[in-house]
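The values are calculated or read from the model by the stated rules, or taken from the named source; none is laboratory data. The model shown is predicted, which means the values in this text are computed figures rather than measured ones. Here the Cβ is made from the backbone with ideal geometry for all residues, glycine too, and neighbour counts use every protein chain on show.
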Amino acid sequence: MVSSVSWVRGKCVGKGAFGVVNVAVSKRDNRVFAVKSVDCGRGLSGQVEALENEIGILKRVTSPHVVAYIGDDVTCEGTASFRNLHLEYMPGGTVADLDRADVDERLVRRYAWCLATALRDVHAQGFVHCDVKGRNVLLSGDGEMAKLADFGAAVEIESSPAMLLLPRGSPMWMAPEVVRRERQGPESDVWSLGCTVIEIAIGKPAWEDRGVDTLSRIGYSDELPEFPIQLSELGKDFLEKCLRREPSERWSCDQLLQHPYLLPYYALVE
Ligand code: ADP
Ligand code: MG
Ligand code: MG
């Protein structure tokens with residue numbers, strides 16, 4: 001174990017069952033970054049494993065719309081030791097915390113484009129994110145740039161058969177085939193993307209959480225989450241391509257980036 005002498009832990013910007021996310025400052029050059037930490041002694045072993053998994057995958061993923069890996073280390077702080085992941089700091093909070101009054105359809109489209117770009121890159125580089133949802137989408141200070149974060153549940157596409165034993169992710173965003181424990185592939189991320197776009201538009205999860213009942217509706221009925229009435233026909237058409245119950249009929253992220261709902265951004269910015 002080494003004690004970090006190279007950076008200082010600042011204010012807390014996120015907390016979960018996993019541990020904590022703080023802002024940090026490098027002593028060498030005053031650079032600001034985010035540190036996601038798990039207490040090795042107190043955290044359940046699964047949390048350290050999830051962070052190790054995240055570190056291993058984020059190191060290998062590169063995308064302008066994925067929160068960038070900066071480094072990792074182990075620190076001794078008091079009597080505790082922490083496993084730390086250093087990340088690009090996103091000061092704008094998450095899309096789940098946005099003030100609804102600030103969200104018009106231009107922003108919905110923009111974030112949908114950012115996420116489709118992130119997932120296209122993640123999938124092309126051989127991974128499935130498995131936990132796409134509003135709380136894992138972080139914003140730049142001016143709110144114009146959204147990046148995908150939290151790769152704790154992510155897996156390599158090759159190892160996907162193992163996922164049948166244990167679905168990964170957050171229930172309200174899970175694809176039907178994941179709820180049924182059949183498979184969890186890139187298509188499952190696309191379903192979660194659709195749920196997240198609805199979440200951004202309406203300011204709450206696409207499915208109302210009614211526990212087991214909701215899971216059975218997602219997994220075993222013909223129901224779809226309600227498409228937001230405030231979205232244009234083009235927006236609803238985009239959602240229909242994401243939220244097809246049959247995974248093989250869902251559009252890929254490559255296809256989604258060619259959809260007229262996103263194409264203007266794709267053409268202009270990339
Ligand atoms: P968990 O696996 O516990 O969900 P996350 O990686 O999603 O952990 O981080 C938890 C919360 O911490 C996020 O929802 C966000 O509010 C905040 N957070 C995480 N990473 C960053 C970052 N790089 N910059 C700013 N805030 C972050
Ligand atoms: Mg998270
Ligand atoms: Mg996580």
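Key figures for this structure:
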read-out	value
Test result for Val66, within 15 Å of ligand 1 (Cβ to nearest atom) and either closer than 28 Å to Ser170 by Cβ or surrounded by fewer than 20 Cβ atoms within 10 Å (Cβ to Cβ) (or both)	yes
Complete set of residues in the stretch 25-37 that are touching a residue at least 40 places away in the same chain (Cβ under 8 Å) and either surrounded by fewer than 22 Cβ atoms within 10 Å (Cβ to Cβ) or over 24 Å from Phe127 (Cβ atoms) (or both)	Val32, Phe33
Condition check for Val61: within 16 Å of ligand 1 (Cβ to nearest atom), assigned to a strand (DSSP E or B) and of a type in the set (A, V, I, L, M)	no
Condition check for Phe82: in a strand (DSSP E or B), more than 16 Å from ligand 2 (Cβ to nearest atom), within 19 Å of the chain's Cα centre (by Cα) and touching a residue at least 40 places away in the same chain (Cβ under 8 Å)	no
Residues being within 22 Å of Leu138 (Cα to Cα) and either more than 19 Å from the chain's Cα centre (by Cα) or more than 9 Å from ligand 1 (Cβ to nearest atom) (or both) - total across the stretch 24-34	5
In the stretch 181-215, the residues that are farther than 24 Å from Thr94 by Cβ and loosely packed, with under 13 Cβ neighbours inside 10 Å	Val212, Asp213
Of all residues in the stretch 10-21 being over 18 Å from Glu52 (Cα atoms) and modelled with pLDDT of 95 or more, the one that is nearest to ligand 1 (Cβ to nearest atom)	Val13
Condition broken by Gly46, with the remaining ones in (1) touching a strand residue (DSSP E or B) at 6+ places or on another chain (Cβ under 8 Å); (2) within 16 Å of ligand 2 (Cβ to nearest atom) satisfied	(1)
Qualifying residue in the stretch 159-166 (condition: more than 16 Å from ligand 2 (Cβ to nearest atom), at pLDDT 95 or above and exposed (fewer than 14 other Cβ atoms within 10 Å of the Cβ))	no
Qualifying residue in the stretch 218-236 (condition: hydrophobic (A, V, I, L, M, F, W, C), buried (at least 23 other Cβ atoms within 10 Å of the Cβ) and more than 22 Å from Gly143 (Cα to Cα))	yes
Residue within the stretch 88-97 that is within 16 Å of ligand 3 (Cβ to nearest atom), more than 18 Å from Asn22 (Cα to Cα) and modelled with pLDDT of 95 or more present	yes
Residue list for the stretch 114-158, filter: basic (Lys, Arg) and either within 16 Å of ligand 2 (Cβ to nearest atom) or within 10 Å of the chain's Cα centre (by Cα) (or both)	Lys133, Arg135, Lys147
